[in-house]
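Quick notes on the structure that follows.
The values are calculated or read from the model by the stated rules, or taken from the named source; none is laboratory data. Every value quoted in this text rests on a predicted model; they were computed, and no experiment measured them. When we count neighbours, we look across all protein chains shown, and the Cβ atoms used for this are built from the backbone with ideal geometry, even at glycine. Note: accessible area is taken over every heavy atom of the protein model, side chains too, but ligands, DNA and RNA are not part of it. Shrake-Rupley method; radii C 1.70, N 1.55, O 1.52, S 1.80 Å.
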Amino acid sequence: MEAYFDNSATTRCNRLAAELMTHILLEDYGNPSSLHTKGMNAEQYIKKAKAQLAKILKVNEKEIVFTSGGTESNNMALLGAAYANRRAGKHIISTGIEHASVYQPLIFLEQQGFEVTYLSVDHEGRISLEELEQAVREDTILVSIMHVNNEIGTIQPIEEAAKRIKQKNPNTLFHVDAIQSFGKLRIYPSRMGIDLLSVSGHKIHGPKGIGFLYIRDKIKVQPIIYGGGQQKNMRSGTENVAGIAGLGLAAEELYRDFEEKIDKLYALRQYFIDGIQRLEGVTINGKLSREEAAAHVVSVSFAHIRAEVLLHALEERGIFVSTGSACSSNHPAISGTLKAIGVKPELLDATVRFSFSVDNTTEEADYVLETLAELLPALRRFRRF
């Protein structure tokens with residue numbers, strides 16, 4: 001039996017999306033900038049995908065800019081907003097548990113003379129709204145907060161954060177990294193006070209190499225890629241038509257019967273948590289309640305077992321998990337998120353992330369739990385020698 005529980009790293013591409021992409025690559029392969037029929041046909045796929053995504057988010061189609069994925073979306077939001085608005089100030093606010101595609105651009109901006117305030121989080125990964133409000137200043141041009149943490153699944157109070165930010169400084173832009181929340185939560189940027197929103201295709205059963213950035217109308221963002229002026233000069237380069245179409249269809253499919261799918265995902269998460277809590281020497285990290293935790297992520301620390309050893313032991317049984325974010329490198333490192341929430345030092349290198357999709361089943365969960373019950377005592381005995 002195989003159990004793929006690493007869906008926060010990537011998901012299996014939706015079959016309909018993959019078939020559509022194949023058709024475009026082999027048949028409707030025109031350049032959307034071309035003036036002939038092939039080009040116009042390609043452009044229609046882009047327009048349809050924009051319409052699909054705009055409908056889900058309840059935004060205007062012109063506010064969607066396609067990118068190569070979540071990393072570029074985050075870079076465009078941070079670098080583009082910072083450079084476009086630096087005359088108003090050079091102060092930025094973020095948190096201590098952001099993805100590398102956010103904190104690395106922030107480090108770069110600090111080197112360019114910007115000042116960054118990093119908010120702390122509690123032992124379950126939530127920011128303090130009071131600390132956020134106090135941090136906003138007259139020269140604060142941008143706040144960037146991850147909606148759902150990719151390692152522990154904690155949901156940040158984004159809507160309330162937006163209210164606090166705008167009450168303190170209406171001109172401060174609010175960027176939300178929604179790479180782990182789009183497809184798992186209902187997100188309405190305009191209603192929620194979000195100015196910039198990053199999304200990645202391969203986290204929602206779309207293809208790799210595609211994503212988008214929502215940019216609220218009238219927001220000033222400087223392009224970070226220059227060239228032929230595609231996408232109204234916001235992101236030059238020939239559009240990835242197949243990827244864009246696949247992303248749009250995958251998102252539409254995922255949000256169809258959405259509440260039913262998410263209820264099923266939360267039920268699977270709770271089933272897995274109930275089972276794993278019966279095992280000896282386990283600690284679950286992050287929030288547990290439905291209101292404060294995403295449906296698809298469970299972070300578990302296993303006392304006296306190295307995470308990488310457990311990962312490969314599970315892999316031999318056809319079970320695929322992660323030791324944390326799969327996007328930083330191929331080499332495991334100690335998680336900054338786990339440090340920030342106060343995980344005990346001896347558990348930092350003993351933590352595994354299980355992440356689910358709507359395709360997973362309770363039978364797969366049972367298989368994982370049964371395998372863990374068998375492996376954990378053996379691995380702990382082995383460690384003693």
Checklist line | segment 149-201: C-alpha gyration tensor shape, a/c 1.5 cut-off, then a/b vs b/c | finding: prolate
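At 10 °C and 1.306 mPa s, grab the translational diffusion coefficient of segment 153-259 from Stokes-Einstein with a Kirkwood Rh over Cα pairs, rounded to a whole number in µm² per second. Walk me through the numbers on the way to the answer.
Values: Rh = 15.3 Å.
D = 104 µm²/s.
From the square roots a ≥ b ≥ c of the eigenvalues of the alpha-carbon gyration tensor of segment 75-199, which class results: rounded (a/c under 1.5), prolate (a/b over b/c), or oblate?
Working: a/c = 1.40, a/b = 1.30, b/c = 1.08.
Rounded.
Loop-only check: which GluC sites (Glu not before Pro) in segment 243-314 are DSSP coil with at most 13 other Cβ within 10 angstrom?
Working: sites: GLU252, GLU253, GLU259, GLU260, GLU280, GLU291, GLU292, GLU308; in loops: GLU280, GLU291, GLU292.
Hits after loop and neighbour filter: GLU280, GLU291.
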Margin query: For segment 338-369 and segment 1-52, what is the centre-to-centre distance using only Cα atoms, to the nearest Å?
Written below: 32
Next item on the list: Go ahead and set up a Gaussian network model of the chain, Cα springs under 10 Å, then flag whichever of LEU173, LEU57, LEU78 fluctuates most.
Entry: LEU57
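Report the rotationally averaged projected area of segment 203-299 based on its alpha-carbon convex hull, in square nanometres.
Working: hull surface 37.4 nm².
Answer in nm², one decimal: 9.4.
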Next item on the list: Please grab the % of Cα pairs in segment 263-309 that end up more than 16 Å from each other.
Entry: 40
Check: Using every alpha carbon pair in segment 30-120, what percent of pairs falls into each 10 Å bin from 0 up to the bin containing the largest distance?
Finding: 14, 32, 27, 19, 7, 0
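Which percent of the accessible area of segment 1-150 is formed by carbon and sulfur heavy atoms (probe 1.4 angstrom)? Provide the component values of the computation, followed by the final result.
On the way: 3450 of 6930 Å².
It is 50 percent, rounded to a whole number.
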Check: What is the antiparallel percent of DSSP beta bridges lying wholly in the chain, to the nearest 5?
Finding: 50
Check: Which value in nm describes the separation of the simple spin-label points at ARG87 and LYS339, placed 7 Å from the Cα toward the beta carbon?
Finding: 3.9
Notebook entry, point to check: Can you give the translational diffusion coefficient of segment 256-385 in µm²/s, computed by Stokes-Einstein from the Kirkwood radius over Cα pairs at 4 °C and 1.567 mPa s?
Noted result: 84
Note to self: Distance between the C-alpha centers of segment 251-321 and segment 132-149? Whole Å please.
What the structure shows: 29
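Per the 1.4 Å probe, what fraction of the accessible area of segment 221-322, in percent, lies on carbon and sulfur atoms? Walk me through the numbers before you get to the answer.
On the way: 2190 of 4530 Å².
Carbon with sulfur: 48 percent of the solvent-accessible area.
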Margin query: At 1.4 Å probe radius, can you tell me the per residue accessible area of the chain in Å²?
Written below: 45
Checklist line | Under Karplus coefficients 6.51, -1.76 and 1.60, residue-wise ³J(HN,Hα) of segment 293-309 in Hz, glycine/proline x | finding: 9, 5, 6, 10, 10, 9, 9, 10, 9, 10, 4, 6, 9, 6, 4, 5, 5
Next item on the list: Leaving ligands, DNA and RNA out of it, rank LYS287, LYS90 by accessible area with a 1.4 Å probe, largest first.
Entry: LYS90, LYS287
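With a 1.4 Å probe and all protein chains in place, put THR351, THR361 in order of accessible area, largest first.
Details: THR351 5, THR361 50 Å².
Per-residue accessible area, sorted high to low, gives THR361, THR351.
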Checklist line | FRET efficiency, TYR118 to ASP257 (Cβ-Cβ, R0 45 Å, nearest 0.05) | finding: 0.70
Notebook entry, point to check: Say the dipole of the chain comes from +1 at the beta carbon of Lys and Arg and -1 at that of Asp and Glu; which of LEU372, ALA3, VAL116 then lies farthest toward its positive end?
Noted result: VAL116
Next item on the list: Quickly estimate the mean residue ellipticity at 222 nm for the chain, helices only: each DSSP H run with n ≥ 4 gives -39500 (n - 2.57), and the total goes over all residues, rounded to 500.
Entry: -12500 deg cm²/dmol
Next item on the list: Could you tell me the accessible area of ARG164 in Å² (1.4 Å probe, neighbours in place), rounded to the nearest ten?
Entry: 50
Margin query: I'd like the FRET efficiency for GLU316 and GLU138, computed as 1/(1 + (r/R0)^6) with the beta carbon distance as r and R0 of 56 Å, rounded to 0.05.
Written below: 0.45
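Of all DSSP beta bridges located in segment 73-208, what percent are antiparallel, nearest 5? Working shown, then result.
Details: 2 of 19 bridges.
Roughly 10 percent of the beta bridges in segment 73-208 run antiparallel, per DSSP.
For the chain, go through all pairs of different Cα atoms, get the mean of 1/r, take its inverse, and jot down that Kirkwood value in Å. Each step should come with its number before you reach the end.
Working: mean 1/r = 0.0462 Å⁻¹.
One over the average 1/r among Cα pairs gives 21.7 Å for the chain.
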